[in-house]
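Worksheet for the structure shown next.
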Amino acid sequence: MRRATYLLAVMATAFLTACGGSDNDDLPVTTTTAAATTIDKVAQDRGFGALLAAATKAELGSALSDANAQLTVLAPTDAAFNNLATALGFANATAMVNALPAATLKNILSYHVLPGNKPAAQLTAAAQSNQATLYSFEGQPASVAVNTAGGVKVGDAVLTNANVVATDVAASNGVIHAIDKVLVPPGVLNIVQMAQLNPELSSLVGAVTRANLQGTLSGAGPFTVFAPTNAAFAAAPSGLSTQQLSTVLTYHVLGTQVLASQIPFGTPIGTAANQAITFNAGTPPTITDTTSTPARITATNVRASNGVIHLIDKVLIPAL
């Protein structure tokens with residue numbers, strides 16, 4: 001059983017009160033009162049009902065009583081779960097929890113648990129000393145970094161950050177920090193869903209929907225998608241027909257999974273549009289299309305359940 005199987009046991013021993021003032025310039029701090037006797041008390045007092053529902057559906061309860069575990073739980077609020085649900089097209093967190101498979105919820109919850117008792121001061125110190133990677137999930141790192149305002153953010157596999165909004169809630173077997181976003185682990189959601197959760201890819205999601213390719217890219221795959229950012233779409237040609245848009249989008253798709261370390265530089269590679277692109281080594285590496293301006297690969301290895309996404313700073317232009 002993954003370390004996240006202790007999640008509710010940790011939460012059941014802590015009573016989270018409202019955020020108070022802090023002498024710590026790095027992070028907000030909460031105070032702690034007497035231990036709660038039930039998970040329902042925790043959920044009621046601090047708005048973790050969606051977290052409770054997700055953990056219940058994931059059938060984690062039977063393994064949540066290890067009093068010797070020392071864990072750090074990053075606990076998303078109900079608002080965080082509702083935001084995730086809305087981004088994925090669900091009416092609310094309840095609808096999302098009801099619809100997602102138990103295994104998916106279990107993987108998502110496990111991504112919110114760090115091994116060991118890591119109070120806020122330790123997270124801040126680690127981040128300030130460039131020790132940002134504090135744990136991993138399925139071989140992929142999860143990062144902690146200090147922003148310019150002195151707060152702590154936790155990065156996820158979608159390349160977005162959760163803010164730590166309440167800290168240092170002591171439990172008998174660890175510590176809890178509340179966060180304002182549900183962290184998304186690698187390899188759990190499909191390519192379309194991963195794109196939906198990254199605000200920098202909203203133009204791509206809209207284009208995929210317009211071209212009616214969302215079903216294809218949600219399929220079994222595996223696929224590799226070179227995903228232009230919103231800025232890339234803003235600089236791209238407009239006024240394309242639906243068919244032309246479909247050709248442009250499929251020009252960004254490979255019919256196999258190619259991680260960053262597997263990119264074949266210098267050799268033309270066929271795309272789903274039946275036209276080739278060429279990868280060029282460099283820092284950053286680039287992609288040559290039919291134009292004279294290459295696209296730079298700006299982020300790599302966004303792992304989805306049916307493939308991988310790499311972000312690029314230009315829309316690739318095929319022969320239309």
Report summary line: Rounded to one decimal in nm, the spacing of the 7 Å Cα→Cβ label points at Ala125 and Thr298 is 3.6
Requested in this report: With label points built 7 Å along Cα→Cβ from the Cα atoms of Asn212 and Leu320, find their separation and express it in nm.
Outcome: 2.0
Query raised in the report: Gln140 label point, 7 Å along Cα→Cβ, cut-off 14 Å on backbone N: hits in the stretch 265-299?
Result: 299
Query raised in the report: Hey, what do the phi angles of the stretch 88-98 turn into as Karplus ³J(HN,Hα) couplings, whole Hz, using 6.51/-1.76/1.60 and θ = phi - 60°, x for Gly and Pro?
Result: 8, x, 8, 5, 6, 4, 4, 4, 5, 4, 5
Requested in this report: Leaving ligands, DNA and RNA out of it, report the carbon-plus-sulfur percent of the accessible area of the stretch 160-264 at a 1.4 Å probe.
Outcome: 54
**Report entry** FRET efficiency, Glu59 to Ser261 (Cβ-Cβ, R0 45 Å, nearest 0.05)
**Finding:** 0.80
Requested in this report: Of the listed pairs Lys118/Lys181; Lys106/Lys181; Lys153/Lys314, which have alpha-carbon separations greater than 21 Å here?
Outcome: Lys153/Lys314
Query raised in the report: Ignoring ligands, DNA and RNA, what percent of the 1.4 Å accessible area of the stretch 76-145 is carbon and sulfur?
Result: 52
Report task. Take the Cα pairs of the stretch 173-294, get the Kirkwood Rh, then feed it into Stokes-Einstein at 4 °C and 1.567 mPa s and tell me D in µm²/s. Result -> 80
Report task. Would you work out if the stretch 63-194 is rounded, prolate or oblate? Take a ≥ b ≥ c from the square roots of the eigenvalues of the alpha-carbon gyration tensor; rounded if a/c is under 1.5, else prolate when a/b is larger than b/c, oblate otherwise. Result -> prolate
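Can you compute the FRET efficiency between Ala281 and Asn163 using 1/(1 + (r/R0)^6), with r the Cβ-Cβ distance and R0 = 22 Å? Round to the nearest 0.05.
0.05
The values are calculated or read from the model by the stated rules, or taken from the named source; none is laboratory data. These figures come from a predicted structure and were not determined experimentally. All Cβ positions, glycine included, derive from the backbone under ideal geometry; neighbour counts span all protein chains shown. Heavy atoms of the whole protein, side chains included, go into the accessibility calculation; ligands, DNA and RNA do not. Shrake-Rupley method; radii C 1.70, N 1.55, O 1.52, S 1.80 Å.
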